[in-house]
Amino acid sequence: MRTFLGVAYDLGYHVVWCPKYRRPVLGGRVKDRLEELIRARADEHGWEIVALEVMPEHVHLFVKAHPKNSPSYVAGQFKGFTSHHLRAEFGHLRSQLPYFVATVGAVSDETVQRYIDTQEERRSRGGGRA
């Protein structure tokens with residue numbers, strides 16, 4: 001629990017985004033750079049990354065943010081910042097990367113973190129896309 005302007009808060013957002021048509025382009029050097037960029041953006045804003053999983057065709061991010069930042073702002077900061085830098089560094093990523101954001105309210109933080117942490121395991125078992 002944190003405080004801001006005398007208000008206690010604990011806001012966690014599960015942000016998911018993927019390349020156009022879910023093309024598997026987020027591997028190798030792109031994956032490493034994307035993780036770097038996400039962590040850098042979180043540090044800039046003072047947000048805490050609880051869980052991060054970059055899969056070949058999508059990204060799961062569970063982040064704790066300030067109440068002054070709306071969910072769409074948080075998602076946009078990660079998506080826009082990483083998209084801009086990745087497109088400049090990797091020419092094959094020029095297509096649009098849409099995203100989805102949900103608040104963590106109906107489930108516990110631990111459930112969301114476990115879901116993100118087990119993405120690779122579920123994929124290898126043939127669990128399909130998340």
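Read-outs: derived from the displayed coordinates by stated rules, not from any lab. Just so we're clear, the structure is a prediction, and the values are computed from it rather than from any experiment. For neighbour counting, all protein chains shown are included, and Cβ atoms are generated from backbone atoms with ideal geometry for every residue, glycine included.
Cβ-to-Cβ counts within 10 Å put L11, L34 in ascending order as L11, L34, the fewest first. Considered as an equivalent ellipsoid built on the Cα gyration tensor, the range 43-88 has semi-axes of 19, 14, 9 Å, the largest given first.
Taking amide H atoms as placed 1.01 Å from N in the peptide plane, the amide H of W17 lies under 5 Å from those of V59, F100, each 5 or more residues away in sequence or on another chain. The helix-based estimate of mean residue ellipticity at 222 nm for the chain, built from -39,500 (n - 2.57) per DSSP H run of four or more residues and divided by its residue count, is -12500 deg cm²/dmol to the nearest 500. Computed from the C-beta positions of E120 and S72 and an R0 of 35 Å, the FRET efficiency is 0.80 to the nearest 0.05. Its Cα gyration tensor gives the range 7-122 an equivalent ellipsoid, and the semi-axes of that ellipsoid, as √(5λ) in whole Å with the largest first, are 23, 16, 12. For W47, nonlocal amide neighbours, meaning residues 5 or more places apart or on other chains whose placed amide H falls under 5 Å from its own, do not occur. Each residue of the range 70-87 is assigned a 3J(HN,Hα), and the resulting list reads 5, x, 5, 5, 4, 4, x, 4, 5, 5, x, 4, 5, 4, 4, 5, 5, 5 Hz, derived from the Karplus form 6.51 cos²θ - 1.76 cosθ + 1.60 (θ = phi - 60°), x at Gly and Pro. Within the shell of other residues whose beta carbon sits under 10 angstrom from the beta carbon of H85, the net charge comes to +1, with Lys and Arg scored +1 and Asp and Glu -1. Across the range 1-45, the fraction of Cα-Cα pairs farther apart than 16 Å, rounded to a whole number, is 61%. Springs between alpha-carbon atoms under 10 Å, Gaussian network over the chain: tell me which of H85, H14, H58 tops the mean-square fluctuations. Maximum fluctuation in the GNM of the chain, among the listed residues, is at H85. Considering only R33, R41, R23, the Gaussian network model of the chain with Cα springs below 10 Å gives its largest mean-square fluctuation to R23.
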